[in-house]
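S.K.: The structure's right below; bear with me while I get my questions together.
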Amino acid sequence: MKMFKFLVTAVLALALTWSLNHKWGAVPPLGKFLDPFQGFWKNAESKNTATENALSLAGLKGEVTVQFDDQRIPHIFAENNHDVYYTQGYLTAKDRLWQMDFQTRFASGRLAEVIGPKAIEIDRFQRRMGMGFGAENMVNTMMQDPEVAELMNAYAEGVNAYIHSLKPGDYPIEFKLLDYAPEEWTPINSAYLLKLMSATLASSSNEFYMTNILEKYGPDIVKDLFPDYPLREDPIIPNGTAWNFKKVPVPSATTTTAPTATAGIKTKEKDEVIGSNNWAVSGSKTSTGLPMLENDPHLDLTLPSIWYQVQLVTKDMNVYGVSIPGAPGVIIGFNSKVAWGVTNVGSDVLDWYKISFKDQSHKEYLYNNQWKATKPRIESIQVRGSETITDTVYYTHHGPVVYLENQKPKNFNKAENIPSGYALRWIAHDGSNDVKTFYMLNKASNYADYRKALTYYTAPAQNFVFASMDNDIAITPNGYFPLKWKEQGKFLLDGNNPNDEWHGRIPADQNPTVKNPPRGFVSSANQFSADPSYPYYLHWEFSGYERAHRINKRLTVMTKATADSMRALQNDNYSVFAENVLANLSAGVNAQTLSAAEKKAFALVSSWNKFYNATEIGASIFEIWQKQLAKEIWSDEFGDQQNLMRYPSRDRMVELLLNEPNSKWFDKVNTTQKESKNDVVTASFKFAVDSLTKAYGPQSKQWQWGTVKNTHVPHLAKIAAFGSKTLFTGGSKTSINATSESNGPSWRMIVALGKDLKAYGVYPGGESGNPGSFYYDDMVDTWADGKLNELVYLRHTKQASDRIIATWKFTKK
Amino acid sequence: MLFILILLLSLIAQFFLPWWVIAPIAFILAAWMGNKPSKSFGNGFSAIFILWACMALLHTLPNENLLANRVGQVLTSSEKGMPWLLLVLLTATLGGLVAGVSALAGAYFKEAFGKRRR
């Protein structure tokens, strides 16, 4: 009996201990997780952090001093290049290790290793898109440049010095929740993170939808509805700027018809995910007499913050700005002489080539009417709690065949716009040395340095805005732009035909650029780089012109501009789109058909001030109204579920509404009666009122745009409790403040150059990546209120500042 | 005595060893010096309950329970979450249970093998 009691309790004790040390599905190992010695409690940071600290680290060459300001932003003072990047790596890892690990895993297709079978498809996708291929090429190129190799290696050393100092109890909380451990950092991880930027910003593709439209409606309608230059535009390089170069020859277009697309993929309205702005204003228009520069890059917002603020100081460099957690240097920022920023260029750097394989072995494919060998690349995906999966991807000289016929997964939305049986030619696969551009900008002191730095940049192409103490301002849509014939890549291309391939690149010094234009400012908002007088083809479509137009209009009339006038402009919620169509739409509503509630809403929206401010109810009505209107007009003709297509642009819809009221496109082809423009305008207005009433009850404060928009910042791994609360903010896709539900300005910066340089910035998050830190989201409210923090720019180590709260000394071990 | 020893030894060991070290500590100490099984359970349970509760409070109070509140939301998968103090009690109870049951097993071990050999 005693024996029995012992056995039962012993088994019970073992079972209890074991089960609390085991991960059950999404539930972390509870004993391990709740253990107050090494579990999550240990991640709870005190409000009062260490003010003095001395660390000795193996690998440092000299002494490093780090000053932390009141937002825990490190200001790193080192004696040499190696130590400054080493320390940047160390401190970034200290604040953001899990984010660095998780994003690298996401980019490289290694998520299933830690989260199990549900990540297999996303891992397979990243690998089939050639992320590994691209990152390997990039790291090979970078490592051939001794200067860049030094900083990549130093950064990795610093990250590893931090990782090696950790015991399991010190791991960031997400490692504990997901129950895995960080691993050694290598420079290729940095390459993965940089490639991820290309994947986010330069991987959209429409050729597949366009090919279907071409087939169904023919070239005339394509030309009419999908023109190569919009009807309303305000390009980055001001109209009429002269091109002072000799154009290199471009081959003539392939005249044979484009290959046909394969069916079977769901269509999706292309969403404008980017809404970045930047500008620089010449000293002739500012209160200081010296240039001011603004930048707000828009991305899908996440916590921990996408960016990491840092100041890096050596004998020949003193730069402040935001870095990518996981890559050395500053991406957007300023030093004492220059400031720069970036927005995305929507140039076409991704094309699809139809591949004819010789047989089912996929060993050979037809190119220039001859058989050419493919190179298989074996990807093996480790899966937590399951067997490793191997996947063979066939590479042509164009690039990988992302999905062979019948290989594409169903119901996997990332793959929706990918044609099966096509090879991917993508700039992100090329070896590149983009880090060098930022390294040189970090040390730049004038316009010539800026121009030189840009020549090293490949992708994702960016509009590099620039300002200097010499009172120069400039902007350059910059990157590797493939040399193409007009409309090359607007439709699917033929992998057999050499004329369909990229014909080298537009010479780097012939990328569109402008310096000190007469209007006294330069700006960009993702719109067309240049008007049609630019002699090369970049793309047939860019983001709408509305934000750019508003910026230019406001900057034109600005005189004696201050940092605060810049701040007001970056928070401007005015919609040029609403200005273009609201009166026209209001005139189109058949007032006698409206109910009392609809009349009330109509009175409100037709007198709306066209500002997407958080408190505006008109904005909510208009937003749903115009969205539904686009659907009413186009979905019957371009919403085919078999042969996938997309809608014409907003620009084309505006033209239709204003100048083609009798167009056939207003009629719904699937009904017997004939709908007029006013019919669809009225129907979509009623829809808007109806859906607001359904969601928020009868018209009230609940209809305010800030409530309807529901802006928030989600956690990177979608752990709800680690995301932000809902933020009551304004903004829209067609406003300068292009904030939507969870996409918006990932960093806002204003720099007023001068002897007494002033800079301001904020991101929707904080410096720390730890949800248990007071510095995790301390900037969120400031961001949501449209305010900025003054940035602490220290000229030397001993500069006194009442904003410095801690000083750490690093010495070599 | 058993109570104090489990508490102290666990406190020291937990700085170096994984959390489950509390199980063998409670087992061995109870097998060696435990008396009545129910009392051993009580000693093991309360020792770790108090140790873990104190440690959790030591971390969460200077943090103003910021993280505890977030984790409460994670564990309940709800925006409402749970009061941070409840999470402290849950933590302490789980640790207490592991140590208590292990001490109980230790006491039964002593009853089954100890007397005969001594």
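The values are calculated or read from the model by the stated rules, or taken from the named source; none is laboratory data. The structure presented is a predicted model; accordingly, all values stated were derived computationally and were not measured. Here Cβ is always computed from backbone atoms with ideal geometry, including for glycine, and neighbour counts include all displayed protein chains. Heavy atoms of the whole protein, side chains included, go into the accessibility calculation; ligands, DNA and RNA do not. Shrake-Rupley method; radii C 1.70, N 1.55, O 1.52, S 1.80 Å.
S.K.: Give the residue that is modelled with the lowest pLDDT, with candidates limited to residues of region A:411-428 that are among the hydrophobic types (A, V, I, L, M, F, W, C) and closer than 29 Å to A:ALA373 by Cβ.
M.R.: A:ALA415
S.K.: While we're here: Given the structure, is A:ASN413 open to solvent by 70 Å² or more (accessible area, probe 1.4 Å), touching a residue at least 12 places away in the same chain (Cβ under 8 Å) and either of a type outside the set (Asp, Glu) or under 28 Å from A:ASP500 (Cα atoms) (or both)?
M.R.: So A:ASN413 fits the description; yes.
S.K.: Inspect all residues belonging to region A:4-11 and state whether any of them is farther than 30 Å from B:LEU87 by Cα, assigned to a helix (DSSP H, G or I) and either open to solvent by less than 50 Å² (accessible area, probe 1.4 Å) or in contact with a helix residue (DSSP H, G or I) (Cβ under 6 Å, 6 or more places away or on another chain) (or both).
M.R.: yes
S.K.: Sticking with this structure for a sec: Please state which of the following conditions A:VAL762 fails to meet, knowing it meets all the rest: (1) away from chain B (no Cβ under 14 Å); (2) touching a residue at least 60 places away in the same chain (Cβ under 8 Å).
M.R.: Condition (2) is where A:VAL762 drops out.
S.K.: May I pose another question? Could we say that B:PHE27 is more than 10 Å from chain A (Cβ to nearest Cβ) and in a helix (DSSP H, G or I) here?
M.R.: Judged against the criteria, B:PHE27 is not a match.
S.K.: For region A:1-33, how many residues are small (Gly, Ala, Ser), over 18 Å from B:LEU17 (Cβ atoms) and facing chain B (nearest Cβ under 7 Å)?
M.R.: So the count comes out to 1.
S.K.: If you don't mind, there's one more thing I want to ask. List, please: which pairs have Cβ atoms under 7 Å, are six or more places apart or on different chains, and start with a residue in region A:438-453 that is within 15 Å of A:MET317 (Cβ to Cβ) and in contact (Cβ under 8 Å) with a residue 12 or more places away in the chain and end with one that is of a type in the set (Val, Ile, Thr) and open to solvent by 10 Å² or more (accessible area, probe 1.4 Å)?
M.R.: Every condition considered, the pairs that remain are A:PHE438/A:ILE331.
S.K.: Checking the conditions here, which among A:LYS787, A:LYS725 is within 17 Å of A:ASN277 (Cα to Cα) and charged (D, E, K, R)?
M.R.: Just one listed residue meets the conditions, A:LYS787.
S.K.: Another question, if that's okay. Could you identify the single residue in A:SER586, A:SER620, A:SER595 that is buried (at least 19 other Cβ atoms within 10 Å of the Cβ), of a type in the set (Ser, Thr, Tyr), more than 15 Å from A:GLU546 (Cβ to Cβ) and at pLDDT 95 or above?
M.R.: Among A:SER586, A:SER620, A:SER595, only A:SER620 is buried (at least 19 other Cβ atoms within 10 Å of the Cβ), of a type in the set (Ser, Thr, Tyr), more than 15 Å from A:GLU546 (Cβ to Cβ) and at pLDDT 95 or above.
S.K.: Sticking with this one: Whether any residue in region A:142-155 is touching a strand residue (DSSP E or B) at 6+ places or on another chain (Cβ under 7 Å) and open to solvent by 20 Å² or more (accessible area, probe 1.4 Å) is what I want to check.
M.R.: Within region A:142-155 (the criterion being touching a strand residue (DSSP E or B) at 6+ places or on another chain (Cβ under 7 Å) and open to solvent by 20 Å² or more (accessible area, probe 1.4 Å)), the answer is no, since none of the residues qualifies.
S.K.: Moving to a separate point now. Condition (residue is assigned to a loop (DSSP other than H, G, I, E, B) and within 15 Å of A:GLY618 (Cα to Cα)) applied to region A:704-712: is it met by at least one residue?
M.R.: Yes: one or more hits.
S.K.: Against the definition (crowded, with 24+ Cβ neighbours inside 10 Å, touching an Asp or Glu at 6+ places or on another chain (Cβ under 6 Å) and not in a loop (DSSP other than H, G, I, E, B)), how does A:ILE750 come out, yes or no?
M.R.: yes
S.K.: Here's a follow-up. Given region A:171-241, what helices (runs of 4 or more DSSP H) lie entirely inside it while holding 2 or more residues that are modelled with pLDDT under 95 and in contact with a strand residue (DSSP E or B) (Cβ under 9 Å, 6 or more places away or on another chain)?
M.R.: It comes to A:187-201, A:207-225.
S.K.: Answer yes if at least one residue in region A:448-469 is farther than 30 Å from A:TYR85 by Cβ and surrounded by 23 or more Cβ atoms within 10 Å (Cβ to Cβ), and no otherwise.
M.R.: Checked against the condition, which is being farther than 30 Å from A:TYR85 by Cβ and surrounded by 23 or more Cβ atoms within 10 Å (Cβ to Cβ), region A:448-469 yields no hits at all.
S.K.: Which of the residues that make up region B:73-86 are within 8 Å of chain A (Cβ to nearest Cβ) and assigned to a helix (DSSP H, G or I)?
M.R.: B:GLN73, B:VAL74
S.K.: Of A:THR693, A:THR729, which residue is hydroxyl-bearing (Ser, Thr, Tyr) and part of a helix (DSSP H, G or I)?
M.R.: A:THR693
S.K.: While we're here: Hey, can you tell me all the residues within region A:769-794 that are in contact with a Lys or Arg (Cβ under 6 Å, 6 or more places away or on another chain) and within 14 Å of chain B (Cβ to nearest Cβ)?
M.R.: Scanning region A:769-794 gives A:GLY769, A:PRO771, A:PHE774, A:TYR775.
S.K.: Just one of (1) over 24 Å from A:THR9 (Cα atoms); (2) more than 8 Å from chain A (Cβ to nearest Cβ); (3) not charged (D, E, K, R) trips up B:PHE3, so point out which.
M.R.: Condition (1) is where B:PHE3 drops out.
S.K.: Scan B:PRO83, B:PRO62 and give me the residue that is out of contact with any Leu (no Cβ under 9 Å at 6 or more places or on another chain), surrounded by fewer than 17 Cβ atoms within 10 Å (Cβ to Cβ) and under 19 Å from A:GLN38 (Cβ atoms).
M.R.: B:PRO62
S.K.: Is there a residue in region A:473-492 that is crowded, with 23+ Cβ neighbours inside 10 Å and among the basic types (Lys, Arg)?
M.R.: Yes: region A:473-492 contains one or more residues that are crowded, with 23+ Cβ neighbours inside 10 Å and among the basic types (Lys, Arg).
S.K.: Can I ask one more? Restricting the search to region A:520-535, which residues are of a type in the set (Phe, Trp, Tyr) and part of a strand (DSSP E or B)?
M.R.: A:PHE521
S.K.: Turning to a different aspect of this structure: So which of B:ASN63, B:ASN35 is among the polar types (S, T, N, Q), within 12 Å of another protein chain (Cβ to nearest Cβ) and not in a helix (DSSP H, G or I)?
M.R.: When all the criteria are applied, what remains is B:ASN63.
S.K.: Select, from B:PHE109, B:PHE49, B:PHE41, the only residue that is more than 7 Å from chain A (Cβ to nearest Cβ), farther than 18 Å from A:TRP41 by Cα, open to solvent by 50 Å² or more (accessible area, probe 1.4 Å) and among the aromatic types (Phe, Trp, Tyr).
M.R.: Going through B:PHE109, B:PHE49, B:PHE41 in turn, just one is more than 7 Å from chain A (Cβ to nearest Cβ), farther than 18 Å from A:TRP41 by Cα, open to solvent by 50 Å² or more (accessible area, probe 1.4 Å) and among the aromatic types (Phe, Trp, Tyr): B:PHE41.
S.K.: Please return the ranges of helices (runs of 4 or more DSSP H) entirely within region A:33-139 where 3 or more residues are open to solvent by less than 10 Å² (accessible area, probe 1.4 Å), touching a residue at least 40 places away in the same chain (Cβ under 8 Å) and hydrophobic (A, V, I, L, M, F, W, C).
M.R.: Here the list reads A:81-108.
S.K.: Here is a follow-up. Which one of the conditions (1) assigned to a loop (DSSP other than H, G, I, E, B); (2) under 28 Å from A:ALA50 (Cβ atoms); (3) modelled with pLDDT of 95 or more; (4) out of contact with any Ser or Thr (no Cβ under 9 Å at 6 or more places or on another chain) does A:GLY765 fail to meet, given that it meets all the rest?
M.R.: Result: A:GLY765 fails condition (4) only.
S.K.: Identify, please: which residue in region A:169-205 is touching a Pro at 6+ places or on another chain (Cβ under 9 Å) and charged (D, E, K, R) and is, among those, least open to solvent (accessible area, probe 1.4 Å)?
M.R.: A:GLU174
S.K.: Hey, among the residues in region A:39-78 that are within 14 Å of another protein chain (Cβ to nearest Cβ) and in contact with a strand residue (DSSP E or B) (Cβ under 9 Å, 6 or more places away or on another chain), which one's farthest from A:ILE173 (Cα to Cα)?
M.R.: A:ALA50
S.K.: Among the residues of region A:12-24, count how many are open to solvent by less than 60 Å² (accessible area, probe 1.4 Å), assigned to a loop (DSSP other than H, G, I, E, B) and without any contact (Cβ under 8 Å) to a residue 40 or more places away in the chain.
M.R.: Final tally of qualifying residues: 1.
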